[in-house]
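Input: a single structure, listed below in structure tokens.
The values are calculated or read from the model by the stated rules, or taken from the named source; none is laboratory data. It should be emphasised that the depicted structure is a prediction, and the values quoted were computed from it without experimental measurement. Virtual Cβ from ideal backbone geometry, glycine too; neighbours counted across all protein chains shown.
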Amino acid sequence: MADSDQNPLLPPLLDVESEHEYYYPSLDSTIEHCIGDFGWTHIFQATLVSFAWFFDAQQTFISVFTDAEPKWSCTDNNPSCSNNNNNVNTCQLSGDAWSWDFPASTSIISEWSLQCAGSIITGLPASSFLFGCLVGGFALATLADSSLGRKNMLVLSSLVMALTGVLTAASTNIWMYVALRFISGFGRATVGTCALVLSTELVGKKWREKMGIIGFVCFTLGFLSLPAIAFSLKGYSWRLMYIWTCVPSVFYSLSVFFLIRESPRWLYIKGRKEEFAETLRSIAAPTNRSSLTQSFFGRCTEWGDDQKPEETDIFSAVKILLSRRWSRRRLVAVTVVGFGIGMIYYGMPLGLGNLSFDLYLSVTLNALSEFPASFLTFVLIGKLDRKGSILGLSLLSGMCSVGCVVVTWQVTQIALELVSFFSACTAFDVVLIYTLELFPTCVRNSAVSMVRQALVFGGALSPVLVAAGRKNRFLSYGVFGVGVSVCALFVGLLPETRGRVLCDTLEEEERKDDAASAFGGAHCV
């Protein structure tokens, strides 16, 4: 429960009367009182929601294995082919001079004979998935703020991603595969965003930051599961990778629909007061349930009755978000920061195939580096200044990335790559938490979605830079480092949010901003 010195218990507040005018608690205070101490109900609800990140990570990085070019060896039929000659290309050899080390079905490259198709064709599925994420993000993001809500949007997105993944396993050619990857990306676009926003809105202020980090840990577990699944399926069809990752995701989507409650904050600002009260009763701490009478909720829900519910068309949240100069400025600045972080965050894993290290080992090391990043964020998020930590981590990531160009010793190179990726992971986590705090409830999901789209857009450019970096490393690692360093400077245009209370409407944000400017007090962001 919130500190009693700052947030007194609500029932006594309901009896306060001055000159025949009643004063009611704020929405934030009401939710804090009802939720109370962090209990098993909150742990179950928030953790199950956060687990959506696990499947999100699997579909984001699955192409590292399914779309990889398998190893091949020379046969005895052509003396010009040598297994020790790294300059030999299979396209320069006759069909009987070489063969794949594993069955052709282990990768889309070998199954559909794409080894000579060029980098544009072979990279098209990954680009199609990321492009689908961009389109889906813009098309679906506002639905979680306007009409569907956080829970229903999470279920819909997760289900589309999962079912499309199952269908992807039945692809008969590269074009069908590309189309299904686009649809999967389209559905996946809002999974992480809805999971992050819903999990943090289901708990009280004390645990809000830490529950956001649980989602990042689940994302790391999903990423780390891929090399384990791929290794266990080594020599088997790439189609099994999609079956093993997507079928469980279907059951997960159904469990969220039946077991998870909608965000009480979203229900309230949409005028659905009865559902708001029922949701708070269902997730309230046992010690507080006796005080949650009908009379209590009746008076609590009178708070803000003079405010009209927000519009519910699919573009209303974007219109609201862009209607204020300060919100536009914040959105532009934080999306630029997200773009730089996304470029290096997605670019590092995608470029691992260009290193001389074993692919399974290098992917595992990168995935493992996300654990300390998430743990560090979990432990220090309450103490970290958002602006300083994002700037410092981004600059460190950028310097180490540029260092990969300068250094030629392989051990030092992979060490710098891991430090760069670790810093990018931590900055990725902090910038999403920061975005949650920068915007009020009525546009929060849309704002976080926009920032995630900026992260993905940076990632969408990474395959092109990775391909160019095969001949000149500066065009990949160098550009990653310079890009994230320059973009991180835009964080200076944003306010600090550590320890602030969440606002629910733009008007509330502006009122408390004005009060903070006049009296130097804390305001919500």
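Kindly check whether there is at least one residue in region 234-243 that is at pLDDT below 90, outside any helix (DSSP H, G or I) and either of a type outside the set (D, E, K, R) or over 25 Å from the mean Cα position of the chain (by Cα) (or both). Within region 234-243, one or more residues are at pLDDT below 90, outside any helix (DSSP H, G or I) and either of a type outside the set (D, E, K, R) or over 25 Å from the mean Cα position of the chain (by Cα) (or both). Per the listing A424, A415, the residue uniquely more than 22 Å from the chain's Cα centre (by Cα), assigned to a helix (DSSP H, G or I) and among the small types (G, A, S) is A415. Among the residues making up region 404-462, those that are in contact with a Leu (Cβ under 8 Å, 6 or more places away or on another chain) and charged (D, E, K, R) are E417, E437, R444, R452. Taken residue by residue, region 361-380 has no member that is closer than 24 Å to Y434 by Cα and not in a helix (DSSP H, G or I). Residues in region 244-265 that are in a helix (DSSP H, G or I) and among the hydrophobic types (A, V, I, L, M, F, W, C): W244, C246, V247, V250, F251, L254, V256, F257, F258, L259.
Name the single residue that is surrounded by the fewest Cβ atoms within 10 Å (Cβ to Cβ) among those in region 95-133 being free of Cβ contacts under 8 Å to residues at least 60 places away in the same chain and of a type in the set (S, T, Y).
We begin by selecting, within region 95-133, every residue free of Cβ contacts under 8 Å to residues at least 60 places away in the same chain; these are 95-101, 104, 109-110, 113, 115-118, 120-122, 124, 128, 132.
With of a type in the set (S, T, Y) added as a condition, the list becomes 99, 110, 113, 122, 128.
Working: S99: 14, S110: 21, S113: 11, T122: 20, S128: 21.
Once the filter is applied, the top-ranked residue is S113.
Where helices (runs of 4 or more DSSP H) sit wholly within region 1-113, those with at least 3 residues that are at pLDDT 80 or above and in contact with a Phe, Trp or Tyr (Cβ under 7 Å, 6 or more places away or on another chain) occupy 52-61. When V443, V406 are screened for being over 14 Å from G351 (Cβ atoms), modelled with pLDDT under 85, among the hydrophobic types (A, V, I, L, M, F, W, C) and more than 18 Å from the chain's Cα centre (by Cα), only V406 passes. Given (1) of a type outside the set (K, R); (2) buried (at least 24 other Cβ atoms within 10 Å of the Cβ); (3) not in a helix (DSSP H, G or I), where does V430 come up short, assuming only one miss? (3) is the only condition that V430 fails.
Taken over region 458-484, the criterion of being within 18 Å of V336 (Cα to Cα) and modelled with pLDDT of 85 or more is satisfied by G458, V479, F480, G481, V482, G483, V484. Residues in region 184-214 that are small (G, A, S) and modelled with pLDDT under 85 were compared, and the one that is nearest to A126 (Cα to Cα) is G212. I120 meets the stated requirement of being assigned by TED's automatic domain parsing to the domain that holds F182, under 32 Å from the mean Cα position of the chain (by Cα), modelled with pLDDT under 75 and not in a strand (DSSP E or B). Residues in region 476-507 that are more than 13 Å from S401 (Cβ to Cβ), of a type outside the set (D, E, K, R) and not in a helix (DSSP H, G or I): L494, P495, T497, G499, V501, L502, C503, T505.
The single condition from (1) among the β-branched types (V, I, T); (2) buried (at least 23 other Cβ atoms within 10 Å of the Cβ); (3) over 23 Å from the mean Cα position of the chain (by Cα) that T172 fails is (2).
For V155, the stated conditions hold: it is surrounded by fewer than 24 Cβ atoms within 10 Å (Cβ to Cβ) and under 28 Å from P440 (Cα atoms).
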